[in-house]
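Enquirer: Mind looking over this structure? Questions follow.
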Amino acid sequence: MDFEIDILLFNNAGIIQGGYFWEIAPEHIHKTIAVNTLALMHITKEILPGMKERKWISSVNRKNKGT
């Protein structure tokens, strides 16, 4: 990486499947988890080692549902 990141700030809007939970198809549950959670985790995993190396870790994650 050619640059340093000091603060990891996310405003992850995400997606939401409408309806009652028991009516949501499994593929929609998997898609919701993939979009809303895994993207944030993958990005954090890539950036965190450099932040640890500099002994500077500050992460702010904000989550809200899509409307």
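Bear in mind these aren't lab numbers, they're just calculated from the coordinates by the rules spelled out. The structure presented is a predicted model; accordingly, all values stated were derived computationally and were not measured.
Enquirer: In whole Hz, what ³J(HN,Hα) sequence does segment 35-42 give by Karplus (6.51, -1.76, 1.60; θ = phi - 60°), x for Gly and Pro?
Expert: Calculated HN-Hα couplings, in order: 6, 7, 10, 5, 4, 4, 5, 5 Hz.
Enquirer: Still on this model: Quick one: what are the phi-derived ³J(HN,Hα) couplings along segment 21-31, Karplus 6.51/-1.76/1.60 with θ = phi - 60°, whole Hz, x for glycine and proline?
Expert: Per residue, the Karplus-derived 3J(HN,Hα) values read 4, 5, 9, 7, 5, x, 5, 6, 5, 4, 5 Hz.
Enquirer: A follow-up question, please. What length, rounded to one decimal in nm, is gained on full extension from residue 39 through to residue 54, with 0.36 nm per residue of separation minus their alpha-carbon distance? Please report the intermediate quantities before stating the final value.
Expert: Working: separation 15, 0.36 × 15 = 5.40 nm, distance 2.39 nm.
My answer for the length gained is 3.0 nm.
Enquirer: Same structure again: Please list, ordered by chain and number, the residues whose modelled amide H lies under 5 Å from the amide H of residue 16; skip anything fewer than 5 residues away on the same chain.
Expert: 66
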